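Colleague: Handing you a structure now.
The values are calculated or read from the model by the stated rules, or taken from the named source; none is laboratory data. Just so you know, these numbers come straight off a predicted model, no measurement behind them. Virtual Cβ from ideal backbone geometry, glycine too; neighbours counted across all protein chains shown. Ligands, DNA and RNA are excluded from the accessible area calculation, which covers all protein heavy atoms including side chains. Shrake-Rupley method; radii C 1.70, N 1.55, O 1.52, S 1.80 Å.
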Amino acid sequence: MHKKTIAELSAGLQQREFSSEELTQHYLTRIKTLDPKLNSFITRCEESALKAAKEADKKIAEGSTEKLLGIPIAHKDIFCTQDILTTCASKMLNNFISPYDATCASKLKNAGTILIGKTNMDEFAMGSSTENSAYGVVKNPWDLGTVPGGSSGGSAAAVAARLVPAASGSDTGGSIRQPAALCGITGLKPTYGRISRYGMIAFASSLDQAGILSQTAEDAALLLNAMAGFDPKDSTSVDEPVPDFTQTLNHSIKGLRIGLPKEYFPDELDPALKKLIYEAAKELEKLGATLHDISLPNSHLAIPTYYVIAPAECSANLARFDGIRYGHSCKDPKNLEDLYERTRAENFGDEVKHRIMIGTYVLSTGYYQAYYQKAQKLRKLISNDCQQALKQVDFILSPTTPTPAFKLGSRSHDRIHMYLSDIFTVTSNLAGLPSLSIPAGFVNNLPIGLHLMGNYFTEARLLNLAHRYQQVTNFHQCYPTIV
Amino acid sequence: MMNDQDIKKIAKMAKIYIPESELAHYRDINDILTMIEQMDKINTDAVEAMSHPLEIIQRLRDDTITEHNERTRWQKVASNVEAGIYLVPQVFDQVCDHVTHDTKE
């Protein structure tokens with residue numbers, strides 16, 4: 001059962017091949033048996049999941065044909081889930097039982113999905129390896145000595161190991177797409193504003209977006225149907241019509257123009273990885289797309305720009321964690337200042353504290369213009385580059401990451417090298433454009449991903465492109481031996 | 001670039017306690033600042049700052065009540081609450097002079 005996609009599981013439930021209760025128990029047993037090797041879950045929701053599964057079976061028996069009814073999923077532990085621990089992988093929130101559901105969690109619940117657990121992540125979504133969690137590192141199921149990527153590494157590892165058919169994630173600089181690539185699965189970051197951020201604990205508000213980690217583009221489309229849509233509770237939610245993303249999956253891609261930015265294929269790029277990406281581009285060409293050379297001239301500034309804006313916004317967003325209204329507090333504070341300072345020092349991890357410090361510095365008097373305002377202007381240039389390119393082509397293609405999964409611990413003391421993992425992904429966040437990663441082959445027996453980025457609100461066409469590629473390749477059907 | 005005094009000052013602003021013994025650990029922030037300085041290579045005098053990825057303006061709504069007091073529900077997760085009030089450690093160290101004057105009168 002666990003090797004089936006959501007589309008297949010949905011058909012299986014409707015045809016009464018198995019029940020949602022059997023399916024949910026199957027995944028819960030797999031998690032109990034295999035997750036000690038991966039550490040991809042922080043919280044398992046066994047009792048509530050089985051109760052919800054029984055409810056789903058009743059509705060199926062009564063004739064409900066909702067596509068996601070009875071399907072187990074997991075949520076990255078950045079999404080508030082009512083009456084369930086929501087930690088953001090931080091000691092700061094190790095006692096936070098959320099009093100409400102995030103909008104996207106609520107929408108998936110209403111669509112009939114079964115929440116089986118909350119997945120591990122880099123603390124407050126800051127990281128590219130899921131080594132920054134207060135709940136231990138997550139391991140890549142393809143090679144337990146390597147990282148799954150981050151910050152949605154728990155979701156990626158869980159889906160790759162088929163502990164759950166799909167999971168939610170969040171993406172601020174690549175945190176869905178990069179772990180999807182390193183774990184050999186599909187990861188979608190929609191247009192900024194497409195999915196509500198209400199109840200998604202904020203890291204960098206102008207960059208954060210909720211998204212999906214799944215086995216296939218078809219599954220991502222099914223989930224996006226449920227998650228997308230205007231939310232009045234999120235002031236940045238966009239009132240854009242939500243199509244049925246599954247309806248156009250099989251459309252022809254003849255005539256679609258695909259651009260390969262020369263800056264994303266430097267000479268230093270791993271030759272085996274580069275070869276696989278070019279082969280993937282050729283597959284799309286065989287399907288009728290046309291390939292074009294394009295340029296994103298300011299792309300070399302994307303990482304510095306991102307690592308000013310994201311820490312700046314994080315320093316503001318994490319100012320709310322003071323140990324008073326929620327979250328962990330330090331013991332025996334001498335005064336209010338001491339309460340704030342020691343609560344935050346004791347309960348934020350090292351990477352989080354570093355980013356808050358960087359953010360505070362770049363926003364401080366005397367430095368704001370040189371750093372933050374400068375970065376905002378460069379963000380405009382980077383976005384303009386994308387818009388210029390998207391006048392010539394429909395989609396932009398590149399590798400998702402410069403390398404396959406790296407060894408655990410190999411970059412945890414080398415911040416710059418770690419940050420450079422995001423080199424191909426951050427542009428999509430800076431410009432607010434939708435993008436995804438799909439499996440495109442193996443380098444040294446480790447999966448790598450193909451990255452596709454489109455213009456605003458082109459998720460239907462993006463998923464169509466990815467789905468057509470997955471119809472002529474089988475990389476998305478590969479799974480690690482742990483499965 | 002930040003020296004140890006700067007690190008202490010920024011830590012104070014960020015409300016994060018960093019003891020003297022740990023200041024050295026934060027000196028690598030200067031590596032990030034060096035990387036960030038690549039931004040200076042481009043002249044952006046004529047470029048408008050972009051604070052938001054989409055060309056949208058802040059949505060407004062009617063000035064009507066939509067939310068209701070759910071203080072009990074939200075305070076369930078607080079560490080120290082009494083009679084609907086969040087309790088915090090003492091803010092002021094001593095009674096202010098003007099209060100003493102008022103009492104005398």
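Colleague: To two decimal places, what compactness ratio does the range A:422-462 give when its Cα radius of gyration is scaled by 2.2 N^0.38 Å?
Modeller: Compared with the compact-globule rule of thumb, the range A:422-462 sits at 1.32.
Colleague: What whole-number value in Å² describes the accessible area per residue of the range A:93-140 for a 1.4 Å probe?
Modeller: Result: 25 Å² per residue.
Colleague: Need one value for A:322-329: mean number of C-beta atoms belonging to other chains within 10 Å of its residues' C-beta atoms.
Modeller: 5
Colleague: What is the Cα centroid distance between the range A:141-158 and the range A:198-251, reported in whole angstrom?
Modeller: 23 Å
Colleague: Assuming R0 = 25 Å, what is the FRET efficiency of A:Lys262 and A:Glu283, from their Cβ-Cβ distance, to the nearest 0.05?
Modeller: Efficiency, rounded to the nearest 0.05: 0.75.
Colleague: Ranked by accessible surface with a 1.4 Å probe, highest first, in what order do A:His328, A:His476 come?
Modeller: A:His328, A:His476
Colleague: Measure out, as a whole number of angstrom, how far apart the alpha-carbon centroids of the range A:342-414 and the range B:1-74 sit.
Modeller: Distance between centres, Cα-based: 12 Å.
Colleague: To the nearest 10 Å², what's B:Trp74's accessible area with a 1.4 Å probe?
Modeller: About 90 Å², rounded to the nearest 10.
Colleague: What distance in nm separates the simple spin-label points at B:Thr72 and B:Met1, each placed 7 Å from Cα in the Cβ direction?
Modeller: 6.0 nm
Colleague: Something else: How far apart, in nm, are two points set 7 Å out from the Cα along the Cα-to-Cβ line at A:Ser48 and at B:Ile57?
Modeller: Between A:Ser48 and B:Ile57, the simple spin-label model gives 4.1 nm.
Colleague: Ok, one more. If each residue of separation counts as 0.36 nm, what is the full-extension length gain between A:Lys32 and A:His251 once their alpha-carbon separation is subtracted?
Modeller: Net length gain for the segment: 74.8 nm.
Colleague: Distance between the C-alpha centers of the range A:88-137 and the range A:17-60? Whole Å please.
Modeller: 17 Å
Colleague: For the range A:49-203, what does the relative contact order come out to in percent, with C-alpha contacts under 8 Å and a separation of six or more?
Modeller: Once normalised by length, the contact order is 23 percent.
Colleague: Once you keep just the Cα pairs under 8 angstrom separated by 6 or more residues, what percentage relative contact order results for the range A:54-96?
Modeller: It comes to 22 percent, rounded to a whole number.
Colleague: Work out, step by step, the length gained on full extension between A:Asn95 and A:Ser295: first 0.36 nm times the residue separation, then minus their alpha carbon distance; give nm to one decimal.
Modeller: Using 0.36 nm per residue and subtracting the Cα-Cα distance, I get 67.2 nm.
Colleague: List the relative contact order of chain A as a percent without decimals, with contacts defined as Cα pairs under 8 Å and 6+ residues apart.
Modeller: 18 percent
Colleague: Now, a different point. Leaving out ligands, DNA and RNA, and with a 1.4 Å probe, what % of the accessible surface on the protein assembly as shown is carbon or sulfur?
Modeller: Within the protein assembly as shown, the accessible surface is 50 percent carbon and sulfur.
Colleague: Another question, then. So how far apart, in nm, are the two label points at A:His413 and A:Asn110 if each is 7 Å from Cα heading toward Cβ?
Modeller: With each label point 7 Å from Cα toward Cβ, the separation is 5.1 nm.
Colleague: So what is the 222 nm mean residue ellipticity for chain B from helices alone, if each DSSP H run of at least 4 adds -39500 (n - 2.57) and you divide by all residues, rounding to the nearest 500 deg cm²/dmol?
Modeller: -8000 deg cm²/dmol
Colleague: Oh, and also: Shape call for chain B from the C-alpha gyration tensor, a ≥ b ≥ c root eigenvalues: rounded (a/c under 1.5), prolate (a/b greater than b/c) or oblate?
Modeller: The shape class here is oblate.
Colleague: Additional query: How high is the FRET efficiency from A:Thr65 to B:Asp31, r the C-beta distance, R0 35 Å, rounded to 0.05?
Modeller: Efficiency, rounded to the nearest 0.05: 0.05.
Colleague: A further question follows. Taking R0 as 30 Å, what FRET efficiency do you get between B:Thr64 and B:Ile85 from their Cβ-Cβ distance, rounded to the nearest 0.05?
Modeller: With R0 = 30 Å, the Cβ-Cβ based efficiency is 0.60.
Colleague: Working with all protein chains in place, sort A:His292, A:His251 by solvent-accessible area computed with a 1.4 Å probe, largest first.
Modeller: Sorted by accessible area, descending: A:His251, A:His292.
Colleague: Here is a further query. Rounded, prolate or oblate: which fits the protein assembly as shown, taking a ≥ b ≥ c as square roots of the Cα gyration tensor eigenvalues, rounded meaning a/c under 1.5, else prolate when a/b beats b/c?
Modeller: Judged from the Cα gyration tensor, the protein assembly as shown comes out oblate (a/c at least 1.5, b/c at or above a/b).
Colleague: Heavy-atom accessible area per residue, the range A:1-89, 1.4 Å probe: how many Å²?
Modeller: I get 45 Å² per residue for the range A:1-89.
Colleague: Another question, then. Given a 1.4 Å probe and heavy atoms of the protein chains only, how would you sort B:Glu82, A:Glu46, largest accessible area at the top?
Modeller: The ordering from most to least exposed comes out as B:Glu82, A:Glu46.
Colleague: Shielding of A:45-55 by partners, i.e. mean partner chain Cβ atoms within 10 Å per residue?
Modeller: Average per residue, whole number: 0.
Colleague: Could you work out the mean count of beta carbons from other protein chains within 10 Å of each residue's beta carbon in A:375-382?
Modeller: Averaged over the peptide's residues, the number is 6.
Colleague: Quick check: from the Cα gyration tensor, does the range A:16-115 come out rounded (a/c under 1.5), prolate or oblate?
Modeller: Oblate is the answer for the range A:16-115, as a/c is 1.5 or above yet b/c matches or exceeds a/b.
Colleague: Another one. With Cβ to Cβ distances under 11 Å as the rule, what net charge do the other residues near A:Asp171 carry (K, R +1; D, E -1)?
Modeller: +1
Colleague: Full-extension gain between A:Leu144 and A:Ala319, please, as 0.36 nm times their residue separation minus the C-alpha to C-alpha distance.
Modeller: 59.4 nm
Colleague: How big is the B-A contact in terms of buried accessible area, both chains counted, 1.4 Å probe, rounded to the nearest 100 Å²?
Modeller: The summed interface area works out to 5300 Å².
Colleague: Now for a separate question. Per the helix-only calculation at 222 nm, which mean residue ellipticity applies to chain A, given -39500 (n - 2.57) for every DSSP H run of n ≥ 4 and division by its residues, nearest 500 deg cm²/dmol?
Modeller: Result for chain A, helices only: -11500 deg cm²/dmol.
Colleague: A:Cys45 accessible area, nearest 10 Å², 1.4 Å probe?
Modeller: For A:Cys45, the solvent-accessible surface is approximately 10 Å².
Colleague: Can you tell me the mean projection area, over all orientations, of the convex hull of the range A:362-483's alpha carbons? Units nm², please.
Modeller: 10.4 nm²
Colleague: Same structure, new question: Give me the net charge for the shell around A:Met126: Cβ to Cβ below 15 angstrom, other residues only, Lys and Arg +1, Asp and Glu -1.
Modeller: -3
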